[in-house]
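Q: Structure provided below as structure tokens; questions to follow.
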Amino acid sequence: MVAAAVTVAAIALSAGEAHAQGFGVYEQGTCVMGRAGAAVAEPCDDGSAIFFNPAALPSGEEWRVTFGATAIVADGEFEADAGGSTDLDSDIAVVPHAYVTRGLGERWSAGLGVFAPYGLQTKWPLDFEGRFVGFDNRLQSIYVQPTVSFRSEDGRFAVGGGPTLVVSSVELNRRLDLAAFPVPAMPEAGVPAGTTFGEIGLVPPGTDFGTAALESGRETGYGANLGVRARVTERVSLGLRYMTGVEIEYDDGEAEFRQIETGITLPADNPLGAPAGTPIDGFLQGAFAANGPLGDQGVSTVIEMPAQLVAGVAVDATDRLTLHGDWQWTEWSSFDRVVLEFSNPATPTEVLVENYDDTNGIRLGAAWAFEDGYKGRFGYFWNEEASPTRAVTPLLPEASRNQGMIGATLPLTETFTLDLAYQVLFQEDRRGRSVPVPPGADAETFTNGEFSFGSHLFGATVRLRF
């Protein structure tokens with residue numbers, strides 16, 4: 001029971017609310033955000049090309065410094081089949097990005113980017129029935145990418161890329177349900193091993209008796225981000241980007257467990273053979289001892305951040321209007337099986353089967369150039385869900401989504417430019433579950449309600465040229 005819930009969090013928390021397919025976060029530059037992230041054929045004229053297409057770094061012998069963030073305000077709800085609903089209680093999440101580039105003449109450019117393309121943050125109130133799956137959970141996953149790009153002599157073809165260093169950490173907090181916890185095995189009393197307190201009728205479901213907190217240190221993984229770009233006519237450009245998957249080994253995690261007093265006393269003739277009125281909490285103290293299954297201990301697992309493939313086109317429809325279209329494929333099928341290992345032999349290894357599917361998304365955007373360097377943008381993005389019904393939980397209530405965006409560029413001085421964008425996300429309601437699943441059980445049969453989710457995103461980025 002404990003291991004299964006911690007496993008769910010370990011794989012789902014891979015910074016910010018999840019806003020793209022799975023737990024992806026695509027808002028890595030405010031300029032591009034304003035046109036729905038459609039940028040692989042023609043990124044904005046700033047350092048965010050390091051993420052969106054490394055082949056398109058700005059040219060010219062000057063420095064460009066780009067830094068900003070996206071603030072995410074999420075709202076969500078779980079409506080239980082049995083009645084009642086609970087609202088998501090998440091804080092505002094901030095997803096940062098920063099880039100530095102320099103042109104090395106007309107054919108070479110170099111840069112360094114820091115961004116967070118995968119992350120998750122969910123927080124639910126402690127009276128929510130889903131607290132036994134997770135009530136305060138977050139992951140930070142920061143990518144650091146040095147990048148070099150090269151252009152052909154006529155400037156029509158370019159390639160670029162660089163290695164990625166990923167620094168990631170994860171945190172989960174959840175309550176423990178005594179009804180799902182095993183009582184001491186007593187064959188002489190007809191209580192076989194594995195029997196739970198709930199099964200012998202000593203406590204009702206939803207009886208809090210402990211808190212579990214899982215937290216990893218900062219772990220690292222390595223990958224690459226590669227791109228090509230071609231200007232096939234004076235008005236049409238094509239682009240392609242591939243970001244590899246990155247495997248993160250969380251080897252030095254810590255699992256801490258704290259007992260919560262239930263105040264429950266045992267009835268007469270109870271299966272534990274204890275006198276009537278005996279506090280049940282005394283029977284649980286051993287489980288929280290150093291050598292017990294709920295003793296503080298190390299925990300480890302492995303998560304792979306999925307690969308991405310993006311292809312797109314940009315068309316200069318007029319001298320002022322540019323249209324953008326991208327197709328994005330994400331290899332969520334790599335998010336399949338996760339093995340969680342505890343350092344205490346009393347806590348068994350768990351294997352969780354997620355069976356995510358590879359996904360597709362369509363990004364459409366437009367940019368209009370006004371006088372004196374001012375620009376306006378708008379866009380639309382649709383993506384299909386990555387998670388099967390069995391994996392739709394309070395940790396990641398993901399579904400297919402529709403998103404609309406608007407944005408603007410404000411050239412405040414010759415060297416200082418401000419990008420602003422707003423994005424609204426509409427997610428289809430999705431059936432899911434708010435309860436843990438016993439080992440070996442079919443998770444989909446525990447579906448017990450419907451999740452709704454939406455969010456508002458506000459982006460701001462500063463660009464400096466010198």
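Q: Filter region 300-342 down to residues that are farther than 23 Å from Ala224 by Cα and either more than 26 Å from the chain's Cα centre (by Cα) or at pLDDT 95 or above (or both), then give me how many there are.
A: Going through region 300-342 one residue at a time, the tally reaches 12.
Q: Consider Pro293 against the criteria (1) farther than 21 Å from Thr196 by Cβ; (2) surrounded by 18 or more Cβ atoms within 10 Å (Cβ to Cβ): it satisfies all of them except one. Which criterion is unmet?
A: (1)
Q: A further question on this structure: When the residues of region 348-373 are filtered to those that are of a type in the set (Val, Ile, Thr) and surrounded by fewer than 18 Cβ atoms within 10 Å (Cβ to Cβ), which remaining residue is modelled with the lowest pLDDT?
A: As a first pass, look at region 348-373 and keep what is of a type in the set (Val, Ile, Thr): 349, 351, 353, 359, 362.
Still in the running and surrounded by fewer than 18 Cβ atoms within 10 Å (Cβ to Cβ): 349, 351, 353, 362.
Details: Thr349: 77, Val351: 73, Val353: 69, Ile362: 97.
The qualifying residue modelled with the lowest pLDDT is Val353.
Q: Restricted to region 264-285, and to residues that are of a type in the set (Gly, Ala, Ser) and open to solvent by 50 Å² or more (accessible area, probe 1.4 Å), which residue is modelled with the lowest pLDDT? It would help to see each step written out before you state the result.
A: The first filter runs over region 264-285 and keeps only residues of a type in the set (Gly, Ala, Ser), leaving 268, 273-274, 276-277, 282.
Those left that are additionally open to solvent by 50 Å² or more (accessible area, probe 1.4 Å): 268, 273, 276.
Details: Ala268: 88, Gly273: 79, Ala276: 90.
Ranking the candidates gives Gly273 first.
Q: Of all residues in region 119-134, which are at pLDDT 90 or above and either part of a strand (DSSP E or B) or not acidic (Asp, Glu) (or both)?
A: Trp124, Pro125, Leu126, Phe128, Gly130, Arg131, Phe132
Q: Let me ask something else about it. Would you say Glu385 is acidic (Asp, Glu), closer than 21 Å to Ile362 by Cα and either modelled with pLDDT under 95 or not in a strand (DSSP E or B) (or both)? Steps first, please.
A: Numbers: acidic (Asp, Glu): yes; closer than 21 Å to Ile362 by Cα: yes; either modelled with pLDDT under 95 or not in a strand (DSSP E or B) (or both): yes.
Answer is yes for this residue.
Q: Looking at Val73, Val65, which is the one that is touching a His at 6+ places or on another chain (Cβ under 7 Å) and open to solvent by 10 Å² or more (accessible area, probe 1.4 Å)? Full working, then the answer.
A: Values: Val65 fails: touching a His at 6+ places or on another chain (Cβ under 7 Å).
Of Val73, Val65, the one residue that is touching a His at 6+ places or on another chain (Cβ under 7 Å) and open to solvent by 10 Å² or more (accessible area, probe 1.4 Å) is Val73.
Q: Sticking with this structure for a sec: Residue under question is Glu42, and the condition is that it be surrounded by 23 or more Cβ atoms within 10 Å (Cβ to Cβ), more than 22 Å from the chain's Cα centre (by Cα), part of a loop (DSSP other than H, G, I, E, B) and not aliphatic (A, V, I, L, M); does it hold?
A: Values: surrounded by 23 or more Cβ atoms within 10 Å (Cβ to Cβ): yes; more than 22 Å from the chain's Cα centre (by Cα): yes; part of a loop (DSSP other than H, G, I, E, B): yes; not aliphatic (A, V, I, L, M): yes.
Yes; evaluated as a whole, the condition is true for this residue.
Q: Could you list, in sequence order, the residues of region 65-107 that are in contact with a strand residue (DSSP E or B) (Cβ under 6 Å, 6 or more places away or on another chain), part of a loop (DSSP other than H, G, I, E, B), over 30 Å from Gly160 (Cβ atoms) and not hydrophobic (A, V, I, L, M, F, W, C)?
A: Scanning region 65-107 gives Asp81, Asp89, Ser90.
Q: May I ask you to list the residues in region 73-107 that are within 15 Å of Thr461 (Cβ to Cβ) and of a type outside the set (Phe, Trp, Tyr)?
A: First, pick out the residues of region 73-107 that are within 15 Å of Thr461 (Cβ to Cβ): 94-101.
Listed by number, the residues that qualify are Val94, Val95, Pro96, His97, Ala98, Val100, Thr101.
Q: If you take the residues in region 202-237 that are among the aliphatic types (A, V, I, L, M) and closer than 15 Å to Val159 by Cβ, which one is nearest to the chain's Cα centre (by Cα)? Quick ask: steps written out before the conclusion?
A: Step one: list which residues in region 202-237 are among the aliphatic types (A, V, I, L, M), which gives 202-203, 212-214, 224, 226, 228, 230, 232, 236.
From the residues that got through so far, the ones that are closer than 15 Å to Val159 by Cβ too are 224, 226, 228, 230.
Values: Ala224: 19, Leu226: 22, Val228: 27, Ala230: 32 Å.
It comes out as Ala224.
Q: Still on this structure: Is there a residue being surrounded by fewer than 20 Cβ atoms within 10 Å (Cβ to Cβ) and not in a strand (DSSP E or B) anywhere in region 447-454?
A: Applying the first criterion (surrounded by fewer than 20 Cβ atoms within 10 Å (Cβ to Cβ)) to region 447-454 yields 447-448, 450, 452, 454.
Next, only the ones that are not in a strand (DSSP E or B) stay: 447-448.
Checking region 447-454: at least one residue is surrounded by fewer than 20 Cβ atoms within 10 Å (Cβ to Cβ) and not in a strand (DSSP E or B).
Q: Quick check, is Gly376 surrounded by 22 or more Cβ atoms within 10 Å (Cβ to Cβ), over 21 Å from the mean Cα position of the chain (by Cα), under 18 Å from Cys44 (Cα atoms) and modelled with pLDDT of 95 or more?
A: Details: surrounded by 22 or more Cβ atoms within 10 Å (Cβ to Cβ): no; over 21 Å from the mean Cα position of the chain (by Cα): yes; under 18 Å from Cys44 (Cα atoms): yes; modelled with pLDDT of 95 or more: yes.
Considered against the rule, which asks whether it is surrounded by 22 or more Cβ atoms within 10 Å (Cβ to Cβ), over 21 Å from the mean Cα position of the chain (by Cα), under 18 Å from Cys44 (Cα atoms) and modelled with pLDDT of 95 or more, Gly376 comes out as no.
Q: Sticking with this one: Can you tell me which residue is modelled with the lowest pLDDT among those in region 237-263 that are of a type in the set (A, V, I, L, M, F, W, C) and open to solvent by less than 40 Å² (accessible area, probe 1.4 Å)?
A: Among those that are of a type in the set (A, V, I, L, M, F, W, C) and open to solvent by less than 40 Å² (accessible area, probe 1.4 Å), it is Ala255.
Q: So Pro271 ticks every box in (1) under 28 Å from Glu350 (Cα atoms); (2) of a type outside the set (Val, Ile, Thr); (3) in contact with a helix residue (DSSP H, G or I) (Cβ under 9 Å, 6 or more places away or on another chain) but one. Which box is left unticked?
A: (1)
Q: Name the residue, out of Pro394, Pro345, that is open to solvent by 20 Å² or more (accessible area, probe 1.4 Å), in a loop (DSSP other than H, G, I, E, B) and at pLDDT 85 or above. Spell out how you get there, then give the answer.
A: Values: Pro394 fails: open to solvent by 20 Å² or more (accessible area, probe 1.4 Å).
None of the others qualify; the one that does is Pro345.
Q: Suppose we filter region 402-411 for residues that are open to solvent by less than 20 Å² (accessible area, probe 1.4 Å) and either closer than 11 Å to Gly34 by Cβ or within 15 Å of the chain's Cα centre (by Cα) (or both); how many remain?
A: Looking only at region 402-411, we keep the residues that are open to solvent by less than 20 Å² (accessible area, probe 1.4 Å), and these are 403, 405, 407, 409.
Still in the list and also either closer than 11 Å to Gly34 by Cβ or within 15 Å of the chain's Cα centre (by Cα) (or both): 405, 407, 409.
Within region 402-411, residues that are open to solvent by less than 20 Å² (accessible area, probe 1.4 Å) and either closer than 11 Å to Gly34 by Cβ or within 15 Å of the chain's Cα centre (by Cα) (or both) number 3.
Q: Out of curiosity, is Glu444 open to solvent by 40 Å² or more (accessible area, probe 1.4 Å) and either farther than 24 Å from Arg138 by Cβ or charged (D, E, K, R) (or both)? I'd like the intermediate steps shown before the answer.
A: Values: open to solvent by 40 Å² or more (accessible area, probe 1.4 Å): yes; either farther than 24 Å from Arg138 by Cβ or charged (D, E, K, R) (or both): yes.
Answer is yes for this residue.
Q: Something else about it: Conditions: (1) open to solvent by less than 10 Å² (accessible area, probe 1.4 Å); (2) more than 22 Å from the chain's Cα centre (by Cα); (3) modelled with pLDDT under 85. Gly22 meets all but one. Number of the miss?
A: Status for Gly22: all satisfied but (2).
Residue by residue, here is whether (1) of a type in the set (D, E, K, R); (2) in contact with a Pro (Cβ under 9 Å, 6 or more places away or on another chain) holds:
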residue	(1), (2)
Leu395	no, no
Glu398	yes, no
Ala408	no, no
Pro411	no, no
Phe416	no, no
Asp419	yes, no
Leu425	no, no
Gly432	no, yes
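The values are calculated or read from the model by the stated rules, or taken from the named source; none is laboratory data. The shown structure was predicted, so the numbers you read here are calculated from the model rather than taken from an experiment. Backbone-built Cβ (ideal geometry, glycine too); neighbour counts: all protein chains shown. Areas reflect the complete protein model, heavy atoms only, side chains present, ligands, DNA and RNA absent. Shrake-Rupley method; radii C 1.70, N 1.55, O 1.52, S 1.80 Å.
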